[in-house]
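What follows is a set of notes on a single structure, which appears directly below.
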Amino acid sequence: MMNLVALDMSYSNIESFVGCYNNPQRLEKRQKLDGSCLKDKRLLGSLKILNLSFCKQLRSLGDFDQLPALEKLIVRNCIGLLDVCESIEQCAELVFIDLSYCKKLEKLPRNVGMLKNVKTMLLDGCSPGGSRIQRASNIDINTRTSSSSFMVGIPSDLKFFVIYLPRSLVSLSVANSNMSTKSFPMDLSCLSMLKELYLDGNPMNSMPSCVRTLPRLEILSMENCRKLKSVEHPPRTLKRLLFYVNGDLQGKVVFDPEMSPLQLSSTVSVSAAFSYEIEGIVKIQPMVCVEEEVLRSLGWSNLDFLNQRHLGAYSWESGTQMIYEFGIFSTMYEAQEMPSWFRHRSVGPSISFTIPSSSSSSSSSSLSSSPNNLLKGLNFCFSADKLRPAVPYGWFHWSPVMAITNITKNHTWIYKRYKDSYCFDRKCWVLLSHWMFGMNEMEAGDHVTIFVTLPYNECVKECGVSLVYDDGEKKDEEEDVLGYYKSWNHIIGGDLSPFKTTTGQYVLYYWRFFDYGVTLYQYYRKFVPDGPHFQAQTEKCWFRAFSQGILA
């Protein structure tokens, strides 16, 4: 026993560990680890790891002064645990405490905050429910033990409880504890060493503002928070962000412009027409909410469906959406024909053209040019009909793939559009897109081809393209209109290195932002000779919402 460093009694039937139960008479006829054999502290003086997880009969923990070397206390899922002795303060070497899902444990010793070496504390699922809820501000004297034994309630509200947490904490988890956004204090700066915070499964509607007061936070997890709608300005120090966005109505993830590179993990719930934004990744708006100045700057005009802007923004029937990602604006709407101002057209799913110089003549069937030759983007549109009568399993949110190849410069951008549900079961529909380009992607004389692919051999009737030039007028005003969109980092002309394949193409696909495996189906692979094998990342954390060049 003197040399024992690890003791695993998980799933056992013990009711008390080390004979400190507050009412010893109640234990006379119960199975227990006899405390009389442990009077000599040397017997467990070397114990570093104690695991009592899933001991359903366990009611009490105590006499920690007999465990001076204890480093890890694991008491997970002890659903009958009522009491933790204040002698835990004697475990000066304790670095890890797991009390997750000890649902009857309503109080902790207040002096747990005196422990100076605790790095990780797990309190998942410890929020009491029903008639057992007690206010965390209620600090009672435990009369069953010594008068110096003060206890503090396990929180459904962290506002008061946080002051009793060890200041040495590096990792804290309060997942599945039924905490709302209002349950958190205004300030968590007292946990100045905290690097990991897990809030998963709580009914929060936004990131608690106190998270921004954690000066060293590197991992923030809000997975499975089904009511979460906004995550605004998480700490710049973050290296990993895990979150769930409920997109049924609207939501927003907003980053600090000077954020550090991030590794992302996200789930987005989509069940109706919606709007939300994850800065630097995707922005979705009902068309009724898009500024007319933005539409004009894209070169969009005379769109019949915009005459219905007075209809409800979130109507399933009329809620056409504008999607922005990778420097590409796009919308899908029900119509039989493309806008009339697309003069350069081609029957079928592809179109080719040469960007004209300023001296080129223009005709009804050719692309127009601009005297100053400042090409800032192009509009690509196609019409389709006869959507499949039944949606195959796994294809509820489908999307087309568009590939633009600058043959002259040997650049190809393969864009798998963000999922869109508006045009389901429409027999005739149109996709209209605007692609912003930088100074070097498209120039006069470049030969360009565009090809569109739809799932399951759906019919693309016609494609059209038009060029958008900067006429030099109202430049400052126009920069104000599109400046925000151009400031995003991962757009054409920005940092697309994470999206580049080993053969040189760029596969612009939303889920590539997150740490999930990306699978492109067979009919996408025609654009990538050896499949979508992406170049290795030099850094594990690479997502950055805004361009550092813009900030400079």
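Return the subset of 461/486; 107/252; 182/239; 461/526; 56/239; 239/500 for which the Cα-Cα distance in this structure is over 29 Å, preserving the input order. From 461/486; 107/252; 182/239; 461/526; 56/239; 239/500, over 29 Å: 461/486; 107/252; 56/239. Spin-label model, residue 289 to residue 374: label points 7 Å out along the Cα-to-beta-carbon direction sit 3.2 nm apart. Rounded to the nearest 0.05, the FRET efficiency derived from the C-beta distance between residue 419 and residue 216 at R0 = 30 Å is 0.25. Using R₀ = 35 Å, calculate the FRET efficiency as 1/(1 + (r/R₀)^6) where r is the Cβ-Cβ separation of residue 345 and residue 485; round to 0.05. In this case the efficiency is close to 0.80.
So how much slack lies between residue 49 and residue 258, counting 0.36 nm per residue of separation and subtracting their Cα-Cα distance, in nm? If you can, show how the numbers build up before the last one.
Numbers: separation 209, 0.36 × 209 = 75.24 nm, distance 4.22 nm.
71.0 nm is the gain from fully extending residue 49 to residue 258.
Remark: the stretch 169-184, residue by residue, has Karplus-estimated 3J(HN,Hα) of 4, 9, 9, 9, 10, 10, 5, 6, 10, 6, 9, 8, 4, 6, 6, 9 Hz, where x stands for each Gly or Pro and the curve is 6.51 cos²θ - 1.76 cosθ + 1.60 at θ = phi - 60°. Around the amide H of residue 245, modelled in the peptide plane, lie the amide H atoms of 267, 268, 269, all under 5 Å away and 5 or more residues distant in sequence or on another chain.
What the Cβ-Cβ distance of residue 443 and residue 116 gives, at R0 = 56 Å and to the nearest 0.05, is a FRET efficiency of 0.30.
Bear in mind these aren't lab numbers, they're just calculated from the coordinates by the rules spelled out. From a predicted model like this one, the values you see are computed outputs, not experimental measurements. Glycine gets a Cβ as well: all are built from the backbone with ideal geometry, and neighbour counts include every protein chain shown.
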